[in-house]
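Structure first, then comments.
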Protein chains: 2
Amino acid sequence: MKIEKFAIKSEGEWCSMRSGHSLVFQQFEQVVSNVSIKLIDINSPEVESLIKSKIKGELKPICPFRVDWEAESDWEQENSSGVASGSCLLIPFPTSSTEGMMLRSVGYTEEIETVSRYEFLSDGTFILTTKYNQSTTEERIWFLSENLRCRSSVIKTAKGTGILQTSYSSEIRRLKD
Amino acid sequence: MKIEKFAIKSEGEWCSMRSGHSLVFQQFEQVVSNVSIKLIDINSPEVESLIKSKIKGELKPICPFRVDWEAESDWEQENSSGVASGSCLLIPFPTSSTEGMMLRSVGYTEEIETVSRYEFLSDGTFILTTKYNQSTTEERIWFLSENLRCRSSVIKTAKGTGILQTSYSSEIRRLKD
């Protein structure tokens, strides 16, 4: 399963440099974040609880993982220290070796539970597409080396005709001392 | 030929928002540019002259195009008005419907004539790899819609072991009045 290898390769502590492009207003956003990715036991209560909340029929979950992040943006200050943070549990349900569904406890664009579709391109690039109430988001992740992940995203209007924002992150693995 | 469709789709006037990430120093760069892409007659003198300067054996050129740009960066001021500009002629030599060589009059990372390798991924993403004297560069371009192109690049050390800089551009087509 490509998704299993992808999750294992992603596990670790990352330092992320993220640039957001607001297309209509031609504005740049810059964010530096710490991102932590951990594989989670498939039998853990949080995994079972999320699966129960969204019925997935015959599909079998594999290799769930959690993403935690702490970000400092130059656009908005989420709290008094200017630091925003969050956490998301992701559970893949492969439909083939290169495609599947992805359950997420928190979406990327809207903070709701979502069911996304994922696929891998011929060079291993991972693409995740999510339909929200107000928008559709495509995220793509590819590895430039074992220790550098690239991540781009695009937020479209719900019908997919207008594009609101794009972003790009360089994620560098924090090596252990 | 995918390269022909790609060149035709790229022709036009674009407004580019580009973010550069200097990984070692964790620095962000922001650049707004005007980019113009034009198909060029394959029998034009500039095309013939560039081909003569690099012998390509049996391969046949197809669909050459020129990229002109004018950029304003927040990092460096190339001349008194802070505007940098340039021009590059590109000539594809397909080796199959999805792969080939690309002759360039000016490289991306070093200002020399280069011969790059290109390929298309399964979703149509275009990847261009260039070996320079001091570095290796990978550029990837994909269309999010007819009027929005994304472009990412990575600059590695010549041996490919170290990664120096990444960048990402959102390129929005300027529609005619």
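Things worth noting here:
- Restricting A:Ser170, A:Ser122, A:Ser135, A:Ser153 to residues that are modelled with pLDDT of 95 or more, farther than 18 Å from A:Ile37 by Cα and not aromatic (Phe, Trp, Tyr) narrows the list to A:Ser153.
- Test result for A:Ile3, surrounded by 18 or more Cβ atoms within 10 Å (Cβ to Cβ), closer than 19 Å to A:Ile127 by Cα and away from chain B (no Cβ under 14 Å): yes
- Search result, residues across region B:12-33 that are surrounded by fewer than 16 Cβ atoms within 10 Å (Cβ to Cβ) and more than 10 Å from chain A (Cβ to nearest Cβ): B:Glu13, B:Phe25
- Of all the criteria given as (1) of a type outside the set (Lys, Arg); (2) within 24 Å of B:Val154 (Cβ to Cβ); (3) without any contact (Cβ under 8 Å) to a residue 40 or more places away in the chain, the one not satisfied by A:Gly160 is (2).
- One residue alone among B:Ser153, B:Ser145, B:Ser122 is more than 9 Å from chain A (Cβ to nearest Cβ) and at negative phi, and that residue is B:Ser153.
- A:Gly162 more than 12 Å from the chain's Cα centre (by Cα) and on the phi > 0 side of the Ramachandran plot: no
- Flag if A:Ser116 is within 11 Å of chain B (Cβ to nearest Cβ), surrounded by 20 or more Cβ atoms within 10 Å (Cβ to Cβ) and either within 12 Å of the chain's Cα centre (by Cα) or at positive phi (or both): no
The values are calculated or read from the model by the stated rules, or taken from the named source; none is laboratory data. Note that the structure is a prediction, hence the values are computed from the model and not measured. Note that we place each Cβ from the backbone using ideal geometry, even for glycine, and neighbour counts take in every protein chain shown.
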